[in-house]
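Coordinate-derived values only; no laboratory data. Because the structure is a prediction, the values reported are computed rather than measured. Cβ placement follows ideal geometry from the backbone for every residue including glycine, while neighbour counts extend to all protein chains displayed.
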């Protein structure tokens, strides 16, 4: 019998780590996507995503069900990612240093290898370009692209107005277009 | 025409996000029907959005749950030191939106505290009870102890005297032992 999410949350509120494992299995990839979009570095993203789930478990008694559990979770993730970036400024990640990795990926390519390689390169360049934005600009672009959140929801998560979200998104997109140039 | 295009391009992102009002959205839609340049901009914005989502999805799909959960579980199992928890708490409490309320609130409380004397003259007296001489007495080691403390002059007098109540019952002689300082 499948246990509802709210039942799992109530079990977690009583300290049941196994119930929490089920919730984590459901959402860890989505949380990781949001954090990776903001941090670019896989190791940093992994650390912040794990910290997100740890903090959420420690504070799960504060979750009263006013929003969905995932909404509550990604708010923690976004705020931790912003905090992480402010504390730890790092340079842009180099493109594929490991040639073996490049070769393995090339072998996996399908019927249109040129397009696939170009798309992958675009993806990497896009992440590198996002990495050069400020934490606030990264947050809006990732929340919009990954979660498809409305400006109102983004504003609520970041503690700013819808107008600010709109102007930050406009600025961030313009910067990304400049950086990516002919790749788009 | 160029100016119009610039204005339309500045609205394209919000239009694609479905965040424009009905009239502005209709204006953008109408413009796009006859403007190749803005259509190209729209296509670039769409590609930007879809590329970001697909690259993140591809990377996230490679992440296995077991190692991820092992890290979370380890954190849960470890009891964080009190100072780390204090820092976490302070970060949560002193987040910018709360801080914006907290600073004026602290100022108001301070001002209210400083102006209390005007509304409740003599209220400090209750707090400055330590200025009065306080006498405490403790029984210990066969002596009675009297303690006289006067904080204004920072004087403490300890008065030790023997308990002769029992002796008085057996001896008719007056007690000769005075207080010992």
Worksheet entry | Exposure proxy ranking, count of Cβ atoms within 10 Å, fewest first, for A:171, A:74 | A:171, A:74
Item to complete: Please average, across the residues of A:55-66, the number of beta carbons from any other chain that are within 10 Å of each residue's own beta carbon, and give a whole number.
Response: 1
Worksheet item: For B:76, A:154, B:158, A:82, what's the fewest-to-most ordering of other Cβ within 10 Å of each Cβ?
Response: B:158, B:76, A:82, A:154
Item to complete: Please average, across the residues of A:35-42, the number of beta carbons from any other chain that are within 10 Å of each residue's own beta carbon, and give a whole number.
Response: 2
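How many Cβ atoms of partner chains, on average, are near each residue of B:153-160 if near means within 10 Å of its Cβ? Don't skip to the answer; put the middle values down first.
Details: counts 0, 0, 0, 0, 0, 0, 0, 0.
What the average comes to for B:153-160 is 0.
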Item to complete: Could you work out how far apart the two model spin labels at residue A:132 and residue B:5 are, taking each label as a point 7 Å from the Cα in the direction of the beta carbon, and quote it in nm?
Response: 2.5 nm
Response to the item:
In whole percent, the Cα-Cα distances of segment B:2-61 spread across 10 Å bins from 0 upward as 22, 47, 21, 10, 1
Response to the item:
Quick calc: nm separation of the 7 Å Cα→Cβ label points for residue A:10 and residue B:30 -> 5.6 nm
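State the extension gain, in nm to one decimal, for the chain segment bounded by residue B:114 and residue B:23, taking 0.36 nm per residue of separation less the distance between their alpha-carbons. Let's see the in-between values first.
Values: separation 91, 0.36 × 91 = 32.76 nm, distance 5.62 nm.
Full extension of this stretch gives 27.1 nm more.
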